[in-house]
Every structure is written in C-alpha cells, then in structure tokens.
C-alpha cells in the first residue's frame, strides 16, 4: 500500500487519527487508534495532541473572517455561495477543506503537528499579509483531511467525539501508568510548547505543579428505585447545586480556582482570594461556584445571575456587589499537601467540616447534609429542591473513594422533574456535526392572544428518526427564508422541558430558560392547544426569583 | 405555449401528448430511468431505453406490451414531435430525453453524472435551447474523487476488514451503485454476496444481456462462516436491521455522495463513508449545463435555488422548478436521513454529550 512507502508526516498522521476517531463507532476502536498514535507519533506531537484533547487550545492568531476571505480568494466563489455551503456543512473548517481545490502533490505533508502549531503561534506577531501567505501555502500543500485538521487548529473548537477519559485510558495503556495517575498528571497548567513528553508523563511537567487540579469525580443519573441502594445509613444526601463545578486549590502562596471544564478561573472570582489566609496550605476543595445572596446560612442566586459574572473579562465593583460569588464545598481532595482521594467520604467530610468551619467566611459554605431516616423522607425532601435554588439531590456512599471521571455505583445524581410547556415549532435552521444538512435547530413559540411569541430554542431530545420527519416537514412547509433560517408553518407541537426560568430583557417573551430541550413530540396536539405566554409568566413568578 | 410545461402530474409536452417521468398515472410516459421517483406505476404506455425495460417490468409490473424500449439516438415521432434518448451516465439504462418540434430543442436530463463509470454509458451533452437539469449535489462542496481513487479506498477498507476477520457490508442503492461497486470490487474480492433487492436487479440485467460479475444471494440457509471476511452489498433499508446480524462481526461502509460531509457519516453511524455518487458533482453540473449551450435552464430537485441563482449570476437564465423527484426508494439521496433503517443504539452516546461545564 501507498501508505507504507512514504514517510508519514506528523500532520498527516494526526489527520488520519482525527478521521479514524471521527468515524469509529466503538470505544474500543477509538482506544486502539489512540494507542497506535501514542506508539507511533513523535514525542512533541504527542504532547500537543494531549494538550488539544484536554482543552488546552493555542491562542487564535488568525480569525475566522480571515480564513473565510482567503478561501474565497483561492476559490473565486461569491460570498453567498460560500455561506450557503457553510450552512449545509455546519462547520467552517470542513467547509473550507471541501471548497479548496484538491492539490496534486502534497509536498508539505512531511511536517509535524508541532511544527504547524508553533508556526501558527508565531503568526500572532506578523501582519495580515504574512499570515495569509502562510495559511494559503499550507492549504496548497495538504490533502483534504489535513486541511480540515489544520483549519480546526486555527479555529479552536476541536471536538471530534472522544472524551478526555478515552485519551487518558489510551495514554495509560501505552505508557503503562495507571489511568488516574495519568489523568492527574496531564491536568493543570502546563504549556505544550515547553513541556517534554517524558516530563509530562512522569509528573515533572514544566508547568506550575501548584495549580494542578485533580480530575473530577462525576455522578450518573439515578437509574433504579431508591430502596435498591440498600441501607439508608450507608448514604449521604446533599442538595445538587445549579452553578459551576469547581476546585479551590490552596497551595504555596497561592489560591487557584479550576472549573470542571479544566479552565483556570482564578481571575474571574476575586472574592476567593480572601480564603487564601483562611485555608491551610495544601488543601484542595471540591464544590460548586455559585452566585450567593444573603440569608441563613446562604441563598443561591439563579444561574443567569452567575452568568453575568462569567461572561465578562474585567470584574467591576458593581458586579461584585450585585452578584457576589460564593463556594459551596462538598469534598476535600487534598489536606496538608496529602492526596486524600483514597480515603472514605465520611472521613473526608469530617475534615472538610473542620476546615470550612475554621475558615469562617460567609462566601465559603459547607454543602448541607440532608438528614433522613428512610427513603420516603428523602423523596419528600427532593420535592422542595427547586425552592432552595437546587436542581435535585446528590447521593453519595459514605465509604466511597473519590474516583476519576463518570462512574456508576457510589455517587448518583437525582434531579427533580423538569418544568414543561407545550409549544409550536416556528423557525428551523440546519444543524452542525452529525446533523449537518438537516433542519434540526428549532425555535418555539407560545400563544399570546392571536399572536405567536417565540421564547426558546431547543436542539436536543428527538430521535434521529423524528429529526428526519421534522426535517422533511420543514422542507415541505417553509414559508420564508431568512439566510439560513426557515420560517415554518406553525403546526408541529412539542413539549419543551427545562430546569429553570429567569426574567430576561433580551428575549421578546421576557423569559430565559435553563437547559431547554424537547421532551416529546405531541403529535396528539394541534397548534391551537399550545400553552400561553401567561402560563410562562406564571412559572416565572413561582420559580424565577 | 412552451414545448414542455410543468404540471401537477409532471413534465408535459402538450404538442406531443406525452409526459416525461410523471408522478401520477398518465396516458403516455417517457421514462428517463427506473428509480422509483422517476418511474411510477399506473400509466398506459411507457417509452424508455432498451435496458430500462426489464427494470420497469421488475418494479412496476406493467401490463404486457405497454413498455417500449429504444436505443440511444433512435428518433421516435409522437404527434409530430421528435423524441430521442441519450446516455445520462446515471445508472444502467438511464437516459436524457431530447424533444424537438419545429427546430426548437428541449432536453430533460433526468438524473445524470458526467464521469463515465464504465457500465451506465458515457454522459453525452446534447445541444439544446432549453435544458432541464437536476441539482441533487448543486453546491461547490460536492466535488467527487475520480472513480479509480474511490475504488482504491473501498478496496483498502475491505482489505483492512479482512485482516480483522470482519465482513465488509457496503450500503449502496440496488440499482446503480450496487452494479458499480461490483465492477470495482470484483478484481479484489473473489466472492461477493448481495441482498435480495440487489439480486433481483442483478438477475433482470443479466437476463437482458448486461455483463456483470457473478454474485451470490444472501439467503437464510447459508452458513454464517461463509461471510467471514467477505464483501456484502445491501440497500440502506437493511442497515441496522436484524438481517445484518448474520454477518457479525462486520463493518458498515456507506457509499453515497452525502458521505462527503463528515457529520453525515457520523449520523449514519457508519464505520466508513465513501463519497461515491451516481449524480454529477458541482463541476459536473456546471460543465454539463454549459456544454448544452442552452439559453434557458430549469433546475429541478436538489439545491435548485442555489444552482439557479449561481447560473443567473453567470449570465445563464435559470429558474427553479418544484417536482416530486429526489425521493428514491431507498430513502432517497435527497432526504438522506430518512432511510427506513432502524436506528442503532449508540453505546458511546455519552462521549458526545455537550460539556456544559457542570454535572
């Protein structure tokens, strides 16, 4: 085969990996592909690969508008046709890869992944002409898959359907190190440009060890009836908070905050710096970052309020006083510099209580433990969750260790039933990724007198078969076309489920929903039977404060 | 009165008193090819290419003597209107319809592709005043690799599966791509199994004198070991159905122009996608339209708005036309997701979950 005769360049190898991962349908195939990659690729490329798949994206030095323009220049296509293509493909990097003329000879294929990433980083200091020349020359020397990957590297957004856990497992297998150890070593703040593969895997990564978080332990949704969990005394119940999962890290002279998305968010929450002198050196707390109001011991602000804090670059005094951000602590992962994850939850909890109580800061709170004697009592407690600003319960086995990633058995989340409302489909747009070229992104409306008022978009909840059905309906019943959006005859009724509701000046309806999705298709209902705007406003009154 | 009108029954030539690919029963129908969105049952008489005759008989069960076959280039006069068929390169027997009256020439493309696939006859551009073209893949993102390159990719994939003792199940339309695949795979895969739907088409064509590689029909009595490492060709209705279980372990490769876009491969949950189509790609459409020299172009099924706007901007007068073509029997290349296959449960669905930054 042709493959074996050529020396495969790093970029081509990486592109082949991306293609394999993108199409394989089984976790084992993905593992195998990754393992092969980790065996064959050069070390510098492996480090970059790990960085990319664990969300460490290089800074953007070329923006999407520039890519767009440079591709148009090469292809000579009119702008509207480019856009039309983009809406059908649903991915800019791929659209460009498909539109560029296929190169005859791939001369540049010998370069490594690291070469391109470093070259792109250096472009930050260059003027537009140099950037353009570099990108267009790269395109000309690459095949379609390489171009796709190259464009993805530029635009960021590298998501091709593998979890970080899969990468960790493959890495662990090929390096012969335990997966939880690997997960810990590749987390935290390190720079792929200056970190050697061996150093990274041996835990001597060039980055600052001080800020390195532990991989989060995630719960599955409760699958069985409560009694199946066994004796109530074995379990600890807490409220499930609707904020951002985070880790507070107090080490050396510093205080860091990591989000579950492995983003260092220290700067966004200056109030946490006050904990620095209150927490013992060498402690790591797991908990929820949350907008915190007054009251005893604390009140939780709606997620929408917290969002106003995350969204901005510079936090003003006004922001700080309007939405103070607190931390609800529920686990202790490190104490006095020692990894406590292997100890049972009961022991970690006792020490956590001691640490938080000693700190005694109004913005640092313990996640309350819910007292209950039998499962019925707990089920009852759950019905009051929404009023507390919580989205349900967490159940944790008292002797559970703190594990890595999403695991069944010891931790469960038991969310409250969502709020629901019946609405009619009014706009549709083509989707992205595996929904490319299908009308799958919908806007829904409720009734207000004779009018229909749009109030939410929803993208998930339908099966592939239902999506195909709706897609066919949209194609046959389009009233108007606004760019990529089609106005659809208001006929199809869906039950929309959501977790919360807040007032919003940005939306015509005056409300913003939390996690809206399609619960089911109400084929039994016609557009005359949908809910009203008044019904939504009522929900806002009850749950939206 | 235009020579061909767009009516609610289909394309109609009032002067010649016949329809072309009507979607409702009519008196006289000229048929471009045997796919079910172009050839529908119930009409009084059918005129089509000689090799489309056995296919119409297989699929429409028309009354004896109601189907008339002609050769490409042979002229039939219908009520003073000259009608002739010309190769469209889409599938075996597929033809464009040339209609001439008092020096005015219209051509209806049906479905077509411009690359010669070696079995469907090479597409011939016919000079005309008005050209009615399809637009299934009327976007510049659709640019096919040449057939030999695609066959190489399919062959490599089959070899890889063989090395892992897996059966290679290729999903392809029973009329058209299935025969094309046979041609490409016969040299590398000595034994090829086919689904009953493909077997029926194969037999009809072989009986009509078309030379095709030998195939073996998949029947319940065949021992499962026979399929190990072999190639199976099946229509998309079989994808994900219990019928497939007998091939375990197997890998699924979908052959369709829609596989050009990665998201579609993932949506189909296929192990591999091969962008192989019996329709013209963007360049093919533009080249064919230009070669007809037509002053006016009507664009049917596909990306008709896009293609006609582009043609107008390039100085070729074009308009879009709504038809009922484009929904093939096997789910239709147009409404790609609607293939009747049962959705497979995605065991790895969890990996695709959107990370919302919290539990």
Looking for something part of a loop (DSSP other than H, G, I, E, B) and touching a residue at least 40 places away in the same chain (Cβ under 8 Å) - is there at least one such residue anywhere in region A:289-299?
yes
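This table checks each residue for (1) closer than 28 Å to residue B:59 by Cβ; (2) modelled with pLDDT of 95 or more.
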position: B:126; (1), (2): yes, yes
position: B:144; (1), (2): yes, yes
position: B:156; (1), (2): no, no
position: B:160; (1), (2): no, no
position: B:163; (1), (2): no, no
position: B:171; (1), (2): yes, yes
position: B:183; (1), (2): yes, no
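Here's the yes/no breakdown for (1) at the interface with chain B (Cβ under 10 Å from one of its Cβ atoms); (2) over 25 Å from residue A:167 (Cα atoms); (3) at pLDDT 95 or above:
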| residue | (1), (2), (3) |
| --- | --- |
| A:54 | no, no, no |
| A:62 | no, yes, no |
| A:68 | no, yes, no |
| A:71 | no, yes, yes |
| A:79 | no, yes, no |
| A:103 | no, yes, no |
| A:116 | no, no, no |
| A:128 | no, yes, no |
Give me a count of the residues in region B:69-103 that are part of a loop (DSSP other than H, G, I, E, B) and more than 30 Å from residue B:276 (Cβ to Cβ).
5
Subset of region A:372-402, residues out of contact with any helix residue (DSSP H, G or I) (no Cβ under 8 Å at 6 or more places or on another chain) and buried (at least 18 other Cβ atoms within 10 Å of the Cβ), comes to A:382, A:385, A:389, A:390, A:391, A:394
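With region B:134-233 as the region, which helices (runs of 4 or more DSSP H) entirely inside it contain at least 2 residues that are in the same structural domain as residue B:252 (by TED's automatic domain parsing) and closer than 30 Å to residue B:286 by Cα?
Because the criterion is at least 2 residues that are in the same structural domain as residue B:252 (by TED's automatic domain parsing) and closer than 30 Å to residue B:286 by Cα, the helices (runs of 4 or more DSSP H) in region B:134-233 that meet it are B:147-163, B:177-185.
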Being farther than 14 Å from residue B:135 by Cβ and free of Cβ contacts under 8 Å to residues at least 60 places away in the same chain is the filter here, so list the residues in region B:275-293 that pass it.
B:290
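To keep it simple, each residue is scored yes or no on (1) within 30 Å of residue B:299 (Cβ to Cβ); (2) touching a helix residue (DSSP H, G or I) at 6+ places or on another chain (Cβ under 7 Å); (3) away from every other protein chain (no Cβ under 12 Å); (4) without any contact (Cβ under 8 Å) to a residue 40 or more places away in the chain.
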position	(1), (2), (3), (4)
B:139	yes, yes, no, no
B:148	no, no, yes, yes
B:169	no, yes, yes, no
B:210	no, yes, yes, no
B:213	no, yes, yes, yes
B:220	no, no, yes, yes
B:223	no, no, yes, yes
Among the numbered criteria (1) assigned to a helix (DSSP H, G or I); (2) out of contact with any strand residue (DSSP E or B) (no Cβ under 9 Å at 6 or more places or on another chain); (3) in contact (Cβ under 8 Å) with a residue 12 or more places away in the chain; (4) not assigned by TED's automatic domain parsing to the domain that holds residue A:16, which one does residue A:184 miss?
(2)
Which one is nearest to the other protein chains (Cβ to nearest Cβ) among residues in region B:225-243 that are under 25 Å from residue A:463 (Cα atoms), in contact (Cβ under 8 Å) with a residue 60 or more places away in the chain and surrounded by fewer than 21 Cβ atoms within 10 Å (Cβ to Cβ)?
B:240
Restricting attention to region B:262-279, which residues are modelled with pLDDT under 85 and either in a strand (DSSP E or B) or more than 7 Å from chain A (Cβ to nearest Cβ) (or both)?
B:268
Lone qualifier among A:285, A:306 - being away from every other protein chain (no Cβ under 14 Å) and either surrounded by 20 or more Cβ atoms within 10 Å (Cβ to Cβ) or part of a loop (DSSP other than H, G, I, E, B) (or both):
A:285
Would it be correct to say that residue A:355 is under 29 Å from the mean Cα position of the chain (by Cα), modelled with pLDDT of 95 or more and either in a helix (DSSP H, G or I) or assigned by TED's automatic domain parsing to the domain that holds residue A:481 (or both)?
no
Please find, within region B:234-244, the residue that is farthest from residue A:465 (Cα to Cα) out of those that are in a helix (DSSP H, G or I) and out of contact with any strand residue (DSSP E or B) (no Cβ under 8 Å at 6 or more places or on another chain).
B:242
Quick check on residue B:133: is it modelled with pLDDT of 95 or more and touching a helix residue (DSSP H, G or I) at 6+ places or on another chain (Cβ under 9 Å)?
yes
Select, from A:461, A:433, the only residue that is facing chain B (nearest Cβ under 10 Å) and either under 25 Å from residue A:524 (Cβ atoms) or in contact with a helix residue (DSSP H, G or I) (Cβ under 8 Å, 6 or more places away or on another chain) (or both).
A:433
Looking only at residues in region B:8-55 that are in contact with a strand residue (DSSP E or B) (Cβ under 8 Å, 6 or more places away or on another chain) and surrounded by fewer than 16 Cβ atoms within 10 Å (Cβ to Cβ), which one is farthest from residue B:321 (Cα to Cα)?
B:44
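Considering each of A:129, A:124 in turn, give the residue that is free of Cβ contacts under 8 Å to residues at least 12 places away in the same chain, part of a helix (DSSP H, G or I) and surrounded by fewer than 21 Cβ atoms within 10 Å (Cβ to Cβ). It would help to see each step written out before you state the result.
Working: A:124 fails: free of Cβ contacts under 8 Å to residues at least 12 places away in the same chain.
Matching residue, one of A:129, A:124: A:129.
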For residues in region A:446-458 being in contact with a helix residue (DSSP H, G or I) (Cβ under 9 Å, 6 or more places away or on another chain) and either free of Cβ contacts under 8 Å to residues at least 24 places away in the same chain or buried (at least 22 other Cβ atoms within 10 Å of the Cβ) (or both), which is nearest to the other protein chains (Cβ to nearest Cβ)?
A:455
Going by what's in this entry, would residue A:198 be described as away from chain B (no Cβ under 14 Å), touching a residue at least 40 places away in the same chain (Cβ under 8 Å) and surrounded by fewer than 19 Cβ atoms within 10 Å (Cβ to Cβ)?
yes
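Can you tell me which residue in region A:84-101 is surrounded by the most Cβ atoms within 10 Å (Cβ to Cβ), limited to those that are out of contact with any strand residue (DSSP E or B) (no Cβ under 9 Å at 6 or more places or on another chain) and more than 7 Å from chain B (Cβ to nearest Cβ)?
Here the residue is A:96.
Which of the strands (runs of 3 or more DSSP E) found entirely inside region A:469-514 contain at least 3 residues meeting this: surrounded by 15 or more Cβ atoms within 10 Å (Cβ to Cβ) and touching a residue at least 60 places away in the same chain (Cβ under 8 Å)?
A:493-498, A:500-503
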Among the residues of region A:82-94, write down those that are part of a helix (DSSP H, G or I) and farther than 13 Å from residue A:484 by Cβ.
A:92, A:93, A:94
If you scan region B:185-202, which residues turn out to be modelled with pLDDT of 95 or more and within 16 Å of residue B:250 (Cβ to Cβ)?
B:192, B:193, B:194, B:195
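The values are calculated or read from the model by the stated rules, or taken from the named source; none is laboratory data. None of the values given here were measured: they were computed from a predicted structure. FYI the Cβ positions are ideal-geometry reconstructions off the backbone, even for glycines, and counts take in every protein chain you see.
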